[in-house]
Amino acid sequence: MTANKQLDITKLLHQAIDLELAADDAYDLLIGPETRQQTIYLQLDVQLSRFASLAGWADVLHVNQPASHQQLVAQYVKVVALFLLFSAKRQWTHLIVLSAEQWQRISGADKKDQLADLNREYLAIKNLLNGAYVSRHQEDLRHAWHLLLKLGIVDFEISPAEITSAYQQMVTTANQQFDQQ
């Protein structure tokens, strides 16, 4: 699958940062920088696992129904938002901006839909994120980001327009909840 339009990653990044600030204000959160990074990383790990669970490719016991495409999109944008926020907290946002060539390479990659391939991609993302968090390897974050984009855009056929729309909906809903606090 080749996506015609690239994501506006900078806009999504700014919205994730603004959303975190709104949450801090709404809930009067006072968290130190290291604890905040840990919490964001933990939530990123949890939300990525939820995406994999919803997708159902590794449900070996066959106890869950696979989620709809819209449910996967909604979960995927949570992962994207937390990934962007994690990059901001590490001050590594320069690693998530893509050149036109990088975008083309990611969006033009071969689709993987076999269990072993999806398992490898998912485990690689988790391993790279661990390297980025624990060992502070910047290149691990860049590679994890590229794999995450490929997983959503190519393997699960989530278009940039769907990501942008669902992301906006997530931000709007969260801000409405914060306003009610």
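The values are calculated or read from the model by the stated rules, or taken from the named source; none is laboratory data. Because the structure is a prediction, the values reported are computed rather than measured. So basically every Cβ, Gly included, is an ideal-geometry build from the backbone, and we count neighbours across all protein chains shown. Just the protein is used for accessible areas: all its heavy atoms, side chains included, with ligands, DNA and RNA removed. Shrake-Rupley method; radii C 1.70, N 1.55, O 1.52, S 1.80 Å.
Leaving ligands, DNA and RNA out of it, rank ARG142, ARG90 by accessible area with a 1.4 Å probe, largest first.
Result of the area sort, largest leading: ARG142, ARG90.
Send over a whole-number figure in Å² for the accessible area per residue of segment 51-113, probe 1.4 Å.
In whole numbers, segment 51-113 has 52 Å² accessible per residue.
If I fit a long axis through the Cα atoms of helix 115-134 and take the longest principal axis of the Cα atoms of the chain, what angle between them do I get, 0 to 90°, rounded to 10?
30
For segment 1-70, rounded, prolate or oblate, judged on the Cα gyration tensor with a ≥ b ≥ c (square roots of eigenvalues), a/c < 1.5 rounded, else prolate if a/b > b/c?
Taking the square roots of the gyration eigenvalues as a ≥ b ≥ c, segment 1-70 is oblate.
Provide the gained length on full extension for the span ARG50 to ARG36, in nm with one decimal, where the gain is 0.36 nm per separating residue minus the Cα-Cα distance.
Taking ARG50 through ARG36 to full extension adds about 3.0 nm, to one decimal.
Can you bin segment 105-181 into rounded, prolate or oblate? Criterion: square roots of the alpha carbon gyration tensor eigenvalues sorted a ≥ b ≥ c, rounded for a/c under 1.5, prolate for a/b above b/c, oblate for the rest.
It is oblate, given that a/c is not under 1.5 and a/b is not larger than b/c.
Starting from the Cα gyration tensor of segment 29-129, take the square roots of the eigenvalues, sort them a ≥ b ≥ c, and report rounded, prolate or oblate (rounded when a/c is under 1.5, otherwise prolate if a/b is larger than b/c, else oblate).
oblate
Based only on the alpha carbon positions, what is the Kirkwood hydrodynamic radius of segment 77-121, in angstrom?
Every distinct Cα pair counted, the radius reaches 12.6 Å.
Rounded to the nearest percent, how much of the accessible area of the chain (1.4 Å probe, protein heavy atoms only) is carbon and sulfur?
Ligands and nucleic acids excluded, carbon and sulfur reach 52 percent.
With a 1.4 Å probe and all protein chains kept in place, how do HIS62, HIS143 rank by accessible area, largest first?
The ranking, largest first, comes out as HIS62, HIS143.
Please list LYS111, LYS89, LYS150 in order of solvent-accessible area, largest first, computed with a 1.4 Å probe with all protein chains present.
From most accessible down to least: LYS111, LYS89, LYS150.
List the equivalent ellipsoid semi-axes of the chain in whole Å, largest first, each obtained as the square root of 5λ for an eigenvalue λ of the Cα gyration tensor.
Semi-axis lengths for the chain are 25, 19, 18 Å.
Size of the dipole of segment 1-153 about the Cα centre, Lys and Arg at +1 and Asp and Glu at -1 on the beta carbon, nothing else charged, in debye to 20?
Magnitude of the dipole: close to 320 debye.
Mind checking segment 120-163 for GluC sites (Glu not before Pro) that DSSP puts in a loop (not H, G, I, E or B) and that have at most 15 other Cβ atoms within 10 Å?
Here the GluC sites (Glu not before Pro) that fit, given the DSSP loop and packing criteria, are GLU157.
Defining a contact as two alpha carbons under 8 Å apart and six or more residues distant in sequence, what relative contact order in percent does the chain show?
Answer for the chain is 35 percent.
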